[in-house]
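Values in this text are rule-based calculations from the coordinates and carry no lab data. Because the structure is a prediction, the values reported are computed rather than measured. Glycine also receives a Cβ, built like all others from the backbone with ideal geometry; neighbour counts cover every protein chain displayed.
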Amino acid sequence: QLILAIETSCDETAASIIRNGNEIVSNVVASQIDSHKRFGGVVPEIASRHHVEQVTIVLQETLEQANMTMDDIDAVAVTEGPGLVGALLIGVNAAKALAFAHNKPLIGVHHIAGHIYANRLEKEMTFPLLSLVVSGGHTELVLMKEHGKFEVIGETRDDAAGEAYDKVARVLNLPYPGGPHIDRLAHEGTPSYNLPRAWLEEGSYDFSFSGLKSAVINTVHNATQKGEEIVPENLAASFQASVVDVLVTKTIRATKEYGVKQVLLAGGVAANKGLRAALVSAFSEIPDVELVIPPLSLCTDNAAMIGAAASVLFDHDKYADMALNAYPGLDLEDQSV
Ligand code: ATP
Ligand code: MG
Ligand code: FE
């Protein structure tokens, strides 16, 4: 089974060919970060234009890398949502054109299902499992009892983890995307600032990062007003300690409550060194639960993860038709097989 997958939900134009849902045959990512950097964030209109320019080139390169033609491909998969509508539409229309022209089945994939399935390219999944999804737009704990079935047991009530990283980076004058820069700074500092941790109601698996973000912004502004210097390394370390503490504590609690066999880390913030290290250390004390962390290149947006998630839909004959559209607010649970 060979699936050609396309991902254009945000600022990466990506395509990949995946064999049997777990093996990368080829994988191409064209990042637009340099074009968005000077604006301090992704500009939707610019993102769409780049996708239009890049998508055909990226698809050709993906087939070339694999030494394949469309005749070898069994299905065309594409991210249908969530994401920027104009960006999604480029991928959706490219996928529809390819599927129609070559008479292949078409599969619409939820972007977050993709982030979760990036783990299957590293390790076979064992159920029940729990996935901690931490990305630019999402922070969720997702329970899976079998392939393709998603149950969101907790999610952020305000900012996503990655969004908080990027906003905090902005007040520290770090370039976009700020996550990796905060991560680097955090390792050079000590968590000497006293910042809040939002645990929410007892037993809740929801998250909240806007209070923490505001606390960091206030710390910087208060210091500026008093003419004092902040120590960016220590502030970054304090912010990261707070984020990681909440994420890891809630993940461990859910792991025990739901008796899962595996815990998967997913999304762009899964690239965070502090988070990876804290999870490895916490799970070393729970040896009967397997912790899976994708390689760095599969944490941020790519199409290999979309192909891996599409494989399950393919196995269930869950095809889309030529009416497939972009769905910016697509719900993960609704896409369960
Ligand atoms: P979503 O997946 O929710 O639709 P997205 O696709 O824009 O959002 P991803 O590409 O999954 O988000 O992840 C990008 C986010 O990951 C950015 O917010 C970025 O700052 C963050 N990120 C990347 N590397 C790190 C890191 N090392 N530490 C913290 N955050 C990081
Ligand atoms: Mg991105
Ligand atoms: Fe993403």
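Summary table
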item: Electrostatic dipole magnitude of region 88-175 [Cβ: Lys, Arg +1; Asp, Glu -1; Cα centre; debye, to 20]; result: 340
item: Cα→Cβ-extended label distance, 7 Å offset, between GLN1 and GLU122, nm; result: 2.2
item: Distance between region 188-205 and region 41-61 - C-alpha centres, whole angstrom; result: 38
item: Label-point gap, in nm, between ASP331 and SER297 - each point 7 angstrom along Cα→Cβ; result: 3.7
item: Sites ARG49 and ALA97, calculated FRET efficiency, Cβ-Cβ separation with R0 25 Å, nearest 0.05; result: 0.85
item: Unit charges on C-beta of K, R, D, E only; dipole of region 170-292, Debye; result: 220
item: Net charge of neighbours whose Cβ lies under 12 Å from the Cβ of HIS36, counting Lys and Arg as +1 and Asp and Glu as -1; result: -2
item: Exposure proxy ranking, count of Cβ atoms within 10 Å, fewest first, for LEU200, LEU130, LEU195; result: LEU200, LEU195, LEU130
item: Gain on full stretching of the segment that runs from ASP315 to ARG197 - 0.36 nm per residue minus C-alpha separation; result: 38.3 nm
item: Exposed GluC sites (Glu not before Pro) absent: longest stretch of the chain, with sites in DSSP loops and at most 15 other Cβ within 10 Å deemed exposed; result: 1-121
item: Length-normalised contact order of region 107-263 in % [C-alpha pairs under 8 Å, at least 6 apart]; result: 25
item: Long-range amide H partners of LEU195 with built H, under 5 Å; result: none
item: Over the chain: helical MRE at 222 nm, DSSP H runs n ≥ 4 each giving -39500 (n - 2.57), nearest 500; result: -13500 deg cm²/dmol
item: Among THR56, TYR319, ASN194 the positive-end extreme of the charge dipole of the chain (Cβ point charges); result: ASN194
item: Dipole magnitude of the chain about its Cα centre (Cβ charges: Lys, Arg +1; Asp, Glu -1), debye to nearest 20; result: 520
item: C-alpha long axis of helix 304-315 to longest principal axis of the chain, angle in °; result: 50
item: Label-point separation, ASP158 to LYS261 (7 Å along Cα→Cβ), nm; result: 4.0
item: Nearest 10 degrees, 0 to 90: helix 273-283 Cα axis against the chain principal axis; result: 90
item: Centre separation in Å (Cα based) which lies between region 313-337 and region 111-178; result: 19
item: Reachable lysines from LYS104, criterion Cα separation under 28 angstrom, eight or more residues apart if same chain; result: LYS96, LYS149, LYS318
item: Helix 210-226 vs. the chain, principal-axis angle (Cα, 0 to 90°, nearest 10); result: 50
